[in-house]
1. Please determine whether any residue of region 8-19 is over 30 Å from the mean Cα position of the chain (by Cα) and outside any loop (DSSP other than H, G, I, E, B).
2. Check 41, 30, 51 and return the single one that is in contact with an Asp or Glu (Cβ under 6 Å, 6 or more places away or on another chain) and farther than 16 Å from residue 106 by Cα.
3. Could you pull out the residue among 208, 196 that is at pLDDT 90 or above, surrounded by 11 or more Cβ atoms within 10 Å (Cβ to Cβ) and part of a loop (DSSP other than H, G, I, E, B)?
4. Is it the case that some residue within region 104-124 is of a type in the set (Phe, Trp, Tyr), in the same structural domain as residue 48 (by TED's automatic domain parsing) and in a helix (DSSP H, G or I)?
5. Please tell me if residue 32 is free of Cβ contacts under 8 Å to residues at least 24 places away in the same chain and surrounded by fewer than 18 Cβ atoms within 10 Å (Cβ to Cβ).
Amino acid sequence: MKTTVNHIKVLIVDGSEQTRNKLTRILANNPAIALVGSVGNGYEAVAFAANSAPDVAVMDIEIESKLAGLYAMREIIKLRPNTKVIIYTVQNSDYYISNAFLFGACDYLIKGVSEPDLPDTIIRAAQNRSIIHPEASEYLRKEYIQLKNAQENLSYTIQVILKLTPSEMDILRMLRSGMKYKEIADVRFIEMTTMKTHISNLLRKFDKKNVVEMLETIESTGFFLLVDNSK
């Protein structure tokens, strides 16, 4: 497998020889791409990348084991930070997509769907112009929305906490410690009706249906941890 100056050096990593041969045929006629290696497991992939520094590696996730391709990818990126890795797999679940990007993939292609796009995807990756394909972009879009909603919820919760009265703060701490309504009322020398009013006000302020949900929301902000560490 010879290379030419300025050609994009590509390494194929897949446990199936049939798949490796198919990808070789797809890439063979593209003048911008030089296939420099084709290996069947993660160990060979890491060793080859260490010695040959491919510009782009096209890798399956499941080679020797369920996530072997991802661990091999992580090692390749450690050894060769300039090598771009494109995941090429049959797996299309959120679990695999999220882990692929967490481990350092620049794009994610589904076998049997994305083959015609592979040469252009490799070229874009080598030029740092990767465009996330639909298979992964929908997942990333959902993740963004979830993170945005979580951020907004966190901001709202913090604003509510900052406006609580000292009495409400004390009640929250006691609720978190596991104290019952009656125990809190006795400690604070208040009637149960007053105690229930405090609880109703807190639930309304945090827009929660029950105390457990309210405490979990506050816990997620790190507020209780901050209070504990300040003692």
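The values are calculated or read from the model by the stated rules, or taken from the named source; none is laboratory data. Source: prediction; values computed, not measured. Heads up, the Cβs are rebuilt from the backbone with ideal geometry, glycines too, and the neighbour counts pull from every protein chain shown.
1. Yes; the residues of region 8-19 include at least one that is over 30 Å from the mean Cα position of the chain (by Cα) and outside any loop (DSSP other than H, G, I, E, B).
2. Every option except 41 fails the conditions.
3. 208
4. First pass over region 104-124, keeping only residues of a type in the set (Phe, Trp, Tyr): 108.
So of that shortlist, the ones also in the same structural domain as residue 48 (by TED's automatic domain parsing) come out as 108.
From what's left, in a helix (DSSP H, G or I): none.
Within region 104-124, not a single residue is of a type in the set (Phe, Trp, Tyr), in the same structural domain as residue 48 (by TED's automatic domain parsing) and in a helix (DSSP H, G or I).
5. Against the criterion (free of Cβ contacts under 8 Å to residues at least 24 places away in the same chain and surrounded by fewer than 18 Cβ atoms within 10 Å (Cβ to Cβ)), residue 32 does not qualify.
Rundown of residues vs (1) crowded, with 18+ Cβ neighbours inside 10 Å; (2) in the same structural domain as residue 26 (by TED's automatic domain parsing); (3) aliphatic (A, V, I, L, M), yes/no style:
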residue: 50; (1), (2), (3): no, yes, yes
residue: 55; (1), (2), (3): yes, yes, no
residue: 62; (1), (2), (3): no, yes, no
residue: 95; (1), (2), (3): no, yes, no
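Results for (1) touching a residue at least 60 places away in the same chain (Cβ under 8 Å); (2) out of contact with any helix residue (DSSP H, G or I) (no Cβ under 6 Å at 6 or more places or on another chain); (3) of a type outside the set (Lys, Arg), shown as yes or no for each residue.
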site: 42; (1), (2), (3): no, no, yes
site: 49; (1), (2), (3): no, no, yes
site: 70; (1), (2), (3): no, no, yes
site: 77; (1), (2), (3): no, yes, yes
site: 80; (1), (2), (3): no, no, no
site: 98; (1), (2), (3): no, yes, yes
site: 106; (1), (2), (3): no, no, yes
